[in-house]
Amino acid sequence: MGGAEKVVSDLSFQFAKQHDVTLILFDGSRLYYPYAGELIDIQCPSKDGFLPRLFNFLDRAYQLRRIFKMKRFDTIIGVMEHASFPAILASRLTIAANHCNPERNFSRFDWLFARWLFPRAKKVVAVSKEGMRIFQQHLGLKNLDCLYNPVNLYRIRELSKERSSVTIEGQYIVAAGRLSPEKNFKSLLDAYAQSQARQTFKLAILGEGPERAALEQHIKQHGLEQQVILPGFMRNPYPYIAHSHCLVLSSLHEGFPVILIEALGLGRPVISTDCETGPREIIVQGENGLLVPTNDVPSLRDALDRVCLDADLHAYFQKNAVPSVEYLDIEKVAEQWLAL
């Protein structure tokens, strides 16, 4: 259900308008997003432990090489390092697409594999300029490029018109993501509890995850049971985003967060932590939203109050929201992928 998987889903439909598309999965048992084209499940899910992971990597590379030889693809895109590493070993025609901040997400072994395999790829694609800089600093790659994550703006606008399954009375701020530590929703709750905005706006956090119980306890500690809503995972979050006052992202780190693009594409102002990669390349400070330092509760509180209580500022952000992300529409980014 992650952002990279959603990008693959969207790109498969866009590519399929003019090309034959094949989606190769290591584990198709938990397929969530729809896809276009042919699906091949090689049934080689992730394993724990060094030796099992090594044999799994070699098995994946062997199976991919066999499929590549049989299908004779014109273009091969390995999405995220656990797919791109064996794909590069199977074929040097592979374009390796990375969707994270490598300094945050790469293990020691990931860097070793990247140093060995990435120079052999046709291209290594980062989803942010800062991510590209990190790869260049660590690996000195000559085959490096940057392509931003796309959003199907027409599709999400159509989905936003559907009736939401949970009704939220009154005005509200929305946040969305897996309820896990890196999303830092506790910091958001602290900022909201200290804000003036809480007197007028509720807070809805869409998503599910291991931190639900801890977040519910945090809400009780602040006495916010009547103001904060945790409706769980929403298959279609867009009606909630479209009818919100603004969207807030409080993450400690991101790659290139699609949720910010989606909110802006629906005309919603955004507030985001200034992670090392991603948000600063989407938000133009003071134009379509606000950036605040990561894990800085007072700054996040002040940003909430500014966007929620200053009607002129909110209207200005709202006017600039949609134009600021039109260059990230799926049709334009898909053309850039095919140009590689």
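Structure data summary
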item	result
Criterion (open to solvent by 90 Å² or more (accessible area, probe 1.4 Å) and within 22 Å of the chain's Cα centre (by Cα)) met by exactly one of ARG30, ARG53, ARG66	ARG30
Enumeration of residues in the range 268-289 that are more than 17 Å from the chain's Cα centre (by Cα) and open to solvent by less than 10 Å² (accessible area, probe 1.4 Å)	PRO269, ASN288, GLY289
Matching option when the condition is surrounded by fewer than 22 Cβ atoms within 10 Å (Cβ to Cβ) and either of a type in the set (Phe, Trp, Tyr) or outside any loop (DSSP other than H, G, I, E, B) (or both), among ALA214, ALA175	ALA214
Of residues in the range 255-276 being touching a residue at least 40 places away in the same chain (Cβ under 8 Å) and of a type in the set (D, E, K, R), the one nearest to GLU5 (Cα to Cα)	GLU262
Number of positions in the range 52-83 that are in a loop (DSSP other than H, G, I, E, B) and touching a residue at least 60 places away in the same chain (Cβ under 8 Å)	2
The range 5-16 residues that are in contact (Cβ under 8 Å) with a residue 40 or more places away in the chain and β-branched (Val, Ile, Thr), paired with ones that are open to solvent by 20 Å² or more (accessible area, probe 1.4 Å) and not in a loop (DSSP other than H, G, I, E, B) (beta carbon under 6 Å, 6 or more apart)	VAL8/VAL79
Only one of GLU331, GLU254, GLU326 that is open to solvent by 10 Å² or more (accessible area, probe 1.4 Å), under 27 Å from LEU11 (Cβ atoms) and touching a Cys at 6+ places or on another chain (Cβ under 7 Å)	GLU254
Set ARG163, ARG157, ARG198: member being within 30 Å of MET80 (Cβ to Cβ) and not hydrophobic (A, V, I, L, M, F, W, C)	ARG157
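The values are calculated or read from the model by the stated rules, or taken from the named source; none is laboratory data. Model, not experiment: these values are computed from the prediction. Reconstructed Cβ throughout: ideal geometry from the backbone, glycine too, with neighbour counts over all protein chains shown. In case anyone asks, the SASA skips ligands and DNA or RNA and just uses the protein heavy atoms, side chains included. Shrake-Rupley method; radii C 1.70, N 1.55, O 1.52, S 1.80 Å.
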